[in-house]
Amino acid sequence: MVCYTHTNTHIGIKIEEGFDETNHGKVGNPVGMERFEKRNHPAGDFRNFLAAESVSHSAAVFDCMGCDYPCGVPIILEAIIGLVTAFDIKADVLVSLALVASICIGEHFAAGEIAFIMQLGALLEDLTVAKARAGIEKLVHLTPQTARVLRNGTEKIIPAEQVQVQDLLRVLPGETIPVDGVITNGQTSINQAVMTGESLPVDKTVGDTVSSGTVNQFGAFEMRATKVGADSSIQRMIQLVQSADAGKAKIVGLADRWATWIVAIALTAAALTWLLSGQIIRAVTILVVFCPCALVLATPTAIMAAIGNATKHGFLVREGDALERLVGVTKIMFDKTGTLTYGTPKVIAQKSLLPERSDTELYALCAAVEQFSEHPLGKAIVQSYQQMHGAISQKAEQFQMWTGRGVSAQVSGVSVLAGNQKLLEEQQIFIPEAAQADIQAALQKGCTVIHMVADGKFAGYLVLSDTVRTESAGMIAQLKELNVQPVLLTGDHENAAAAIASQLQMTEVHANCLPEDKMRWIADEQQKQESVCMMGDGVNDAPALKKANVGIAMGGIGSDIAVDAADIALVDDEVKELPHLLGLSKRMMVTIKCNLTFSMSLNFLAIILAMTGILNPVVGALVHNAGSVLVILNSAWLLKWKRRNEK
């Protein structure tokens, strides 16, 4: 009987998959496990792979029970190839010796049992495997393919890679900026989420810089190219992701780390026993009982049980060794927008300076004029008003959008302006001194202020802010109790970062971070021998997620690229579960060490009994088989593990 098998001695094997071209790497916000799984398993469906692996290993396992020795052939071949080509002494070497020795003296049952346990261990390893990352390909699909070049007054569409430095380009609303450059004509608002992670667009005018991969939202403008090709922002990010991934080492199985010593001890004990007793059966028994089956099962069974526990708490573990790496984490670096906050601005205050209008009436006036706006701030005002006061009753007429400044309209016979400081300056409207201090205080906290003008008079203002997740503060406090230091890394400006950090009592804050800045902060900590975990949700977090020892992405609100770059995804965005994951990883390592200690102790006891002739190969095989079963049962306790203060 010929057995089909696929053995692998490394936890966290990478399985390459195809790129789903129907997705085009677009950033999405699917909610729920079903959509999340579909998004992360294109081109063949990862579950089909697991099914195929399970069938192949199951077939090998059952063949081991129904044949003498053929399903041990792949184990022997892999041991020989590793030994000859790289002098790689792994657990397979001792297993192969035990198989060959058992067959040579006719103990076929012992040989079959050894092969059975090894195939079971390989099956459990493959079930801990997560799908490979496709993030680099998706980043490539974010790269603009064409550009509008102005030459001799004529617009011409050319491939983006043909754009030269100093070329004059035109970018229309809704288009992705093809290269880095400086605006020479026009005003607009740019969505820079790809680079900074911030959801609110940034107003740009003549002289301001723009980056490739960012999206022009409203106004058409002309720009002069300054960085093209591999020097552009989006291409540098792709290079960062690739370099970070190449530098992340994989953890080798514990059984393979100790294999050289195990092989040496087993061979020495077997040889001495044979020489002193003259009975080869005792030597073979030693090889059988010292065969590291329980040792091989110790790690994958615990990891698989821990992954099952993590799944119940909303974590999808994408890399088998991620939980091992998480054990040593001393610092967790958080992105702000969408991770510690909800990522959407809300109206938190409104103030009317007109005696004839209340704060609520001013709020209603602003919501009415903003109801036709496409700007995220305008939509946030309308949504916040509807959540608090219901439908907008007033109608807006003669609506006009002032790109990068605000909006205007006629509402119930009142001429209304709503916008930023630039709009007021253009209309020569001044803010009363009584309001300036409050407005500056709001800006110092990182809030956004919308100024209101009614019939040419400054009427008041609205304050908007991104709100902290309700569970973030408790989660940060629990991390500190676990001796893990939280760090805030954000692309937002200093005031906004400091305001959020103050609410969450985070002492270490780094603002204005581009993707390469986040990577640099992580690299600096790693050089100090700190083990760093990164948690983020945006495309701009992908390089940092790859660079960190462990990357955790927000699976619901997060972009596809961030999830693909991470080792673990938090499917339901419940950040309060993070302390559970850290505690679970530590408990998993305790379980692994207990498994290893037990299996090695049992092996040494069995060796003593085999040397004295009390155990024969068959009984020895049964004893070490019982040890393997106990290891599996001990690992199974992880499925229901909870922290002491959890319900």
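For the reader, a short list of remarks on this structure follows.
- Around I332: net Lys/Arg minus Asp/Glu count, Cβ-Cβ under 12 Å: -2
- Annotation: per residue accessible area for the stretch 403-538 equals 43 Å², rounded to a whole number [probe 1.4 Å, protein chains only].
- Computed over the stretch 513-559: relative contact order in percent, which uses C-alpha pairs under 8 Å that are six or more apart: 39
- Checked against a 30 Å cut-off, the cross-linked pairs K336/K379; K331/K351; K204/K227; K227/K445 give Cα-Cα distances beyond that limit for K331/K351; K227/K445.
- Relative contact order computed over the stretch 491-608 (Cα-Cα under 8 Å; 6+ residues apart), in percent: 15
- The tail of the calculated P(r) for the stretch 414-520, taken as Cα-Cα distances beyond 23 Å, holds 45 percent of the pairs.
- Of the GluC sites (Glu not before Pro) found in the stretch 322-366, those that fall in a DSSP loop while having at most 10 other beta-carbon atoms within 10 Å are E356.
- With all protein chains in place and a 1.4 Å probe, the accessible surface of the stretch 515-554 carries 40 percent carbon and sulfur.
- Pairwise centroid distance, computed over Cα atoms, of the stretch 174-190 with the stretch 508-532, Å: 30
- Surface composition of the stretch 353-422: carbon and sulfur atoms hold 48% of the protein heavy-atom accessible area at a 1.4 Å probe.
- Taking all protein chains together, L275, L297 sort by accessible area into L275, L297, largest first [probe 1.4 Å].
- T273, T184, T470, reordered so the largest accessible area comes first (probe 1.4 Å): T470, T184, T273
- Computed on the stretch 379-515, with alpha-carbon pairs under 8 angstrom and 6+ residues apart, the relative contact order is 15 percent.
- Taking all protein chains as shown and a probe of 1.4 angstrom, K642 keeps an accessible surface of around 100 Å².
- Gap separating the Cα centres of the stretch 564-607 and the stretch 356-405, nearest whole Å: 52
- Rounded to the nearest 10 Å², the accessible area of L545 at probe 1.4 Å: 0
- Legend: translational diffusion of the stretch 404-465 by Stokes-Einstein, Rh = Kirkwood radius over C-alpha pairs, 37 °C, 0.692 mPa s; D = 275 µm²/s.
- Accessible area (Å², per residue) of the stretch 561-613, counting only protein heavy atoms and a probe of 1.4 Å: 33
- The heavy atoms of F372 present about 110 square angstrom of accessible area, all protein chains included, probe 1.4 Å.
- Expressed in units of 2.2 N^0.38 Å, where N is the residue count, the Cα radius of gyration of the stretch 349-487 is 1.22.
The values are calculated or read from the model by the stated rules, or taken from the named source; none is laboratory data. All figures in this text were calculated on a predicted structure; none of them were measured in a lab. Quick reminder, even Gly has a Cβ in these numbers, built from the backbone with ideal geometry, and neighbours come from all protein chains shown. Accessible surface is based on the protein model in full, side chains and every heavy atom, while ligands, DNA and RNA are left aside. Shrake-Rupley method; radii C 1.70, N 1.55, O 1.52, S 1.80 Å.
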